[in-house]
Amino acid sequence: FERFFRPRQTLVATCFGSIPYPLASALAFKQFPDGRQELVVTGSLLSVNHDRIILKRLVLSGHSFKIHKRLSVTRYMFF
């Protein structure tokens, strides 16, 4: 677990999302309150593995706003 990226150091991270082609480039931007974005990280994908296990999990909490059958709208999850 790394809280901050260190300059000129290799870092491996896991993300959950759509599966891109292997050897695709990865870019990360920092967004400022005035709306501009700055490129902070560049790199490439090491591998694409749908069987990989993610050990750290997050628990999201919020207030249920609407509930309809199997769908729910939850408020106040992200601040």
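A few notes on this one:
- Look at (1) 32, 31, 21; (2) 35, 31, 14; (3) 47, 39, 24: the one that is Cα extents along the principal axes in Å derived from this structure is (3).
- For the chain, the dipole from Cβ point charges (+1 on Lys and Arg, -1 on Asp and Glu) about the Cα centre works out to 340 debye, to the nearest 20.
- Model label sites at THR42 and PHE5, defined 7 Å from Cα along the beta-carbon direction, differ in position by 1.1 nm.
- Once the Cβ-Cβ distance of MET77 and ILE53 is raised to the sixth power relative to R0 = 25 Å, the FRET efficiency obtained is 0.50.
- Relative contact order of the chain, taken over Cα pairs closer than 8 Å and 6 or more residues apart, is 19 percent.
- Top positive-direction residue, dipole computed over the chain with Cβ charges, set SER47, PHE5, VAL59: VAL59
- In this structure the amide hydrogen of THR74, modeled in the peptide plane, comes within under 5 Å of the amide hydrogens of PHE65, none closer than 5 places in sequence on its chain.
- Taken about its Cα centre, the stretch 29-70 carries a charge dipole of about 360 debye when Lys and Arg each add +1 at the Cβ and Asp and Glu each add -1 at the Cβ.
Every read-out reported here was derived from the displayed coordinates using simple, explicitly stated rules and does not represent laboratory data. Since the model is a prediction, treat every value here as computed from it, not as a measurement. Positions of Cβ are backbone-derived with ideal geometry, glycine not excepted, and every protein chain shown enters the neighbour counts.
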